[in-house]
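Notes to accompany the following structure.
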Amino acid sequence: MKSKRGPGIATKATARKLAVLYWRLMVKGLDYTERGIKAYEEKMQLHRERWLVKTAKELGYELEQIPI
């Protein structure tokens, strides 16, 4: 976010994210669970796939998934 919108916006966004997490933990009593590196990697893979499809579409290409 810092590279897209600047350091001020990124700092405020991070502070808000921490405040929301704190509020959920303290007020609602929800447990914080670490999702782990595997969940993060799956999320990033999905993000890369969406970006690739969008970029290909902008360039006039259509992607097909190759069965493995």
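The values are calculated or read from the model by the stated rules, or taken from the named source; none is laboratory data. Computed from a predicted structure; not experimentally measured. Virtual Cβ from ideal backbone geometry, glycine too; neighbours counted across all protein chains shown. For accessibility, only protein heavy atoms count, side chains too; no ligands or nucleic acids. Shrake-Rupley method; radii C 1.70, N 1.55, O 1.52, S 1.80 Å.
For the subset of region 1-29 comprising residues that are open to solvent by 90 Å² or more (accessible area, probe 1.4 Å) and either touching a Phe, Trp or Tyr at 6+ places or on another chain (Cβ under 9 Å) or not in a helix (DSSP H, G or I) (or both), which member is modelled with the lowest pLDDT?
The extreme case among them is M1.
Here is a check on your reading of the model: is L46 open to solvent by less than 100 Å² (accessible area, probe 1.4 Å) and either part of a loop (DSSP other than H, G, I, E, B) or at pLDDT 85 or above (or both)?
yes
Quick one: G60 ticks every box in (1) in a helix (DSSP H, G or I); (2) modelled with pLDDT of 85 or more; (3) small (G, A, S) bar one, so which box is it?
That leaves (1) as the condition not met.
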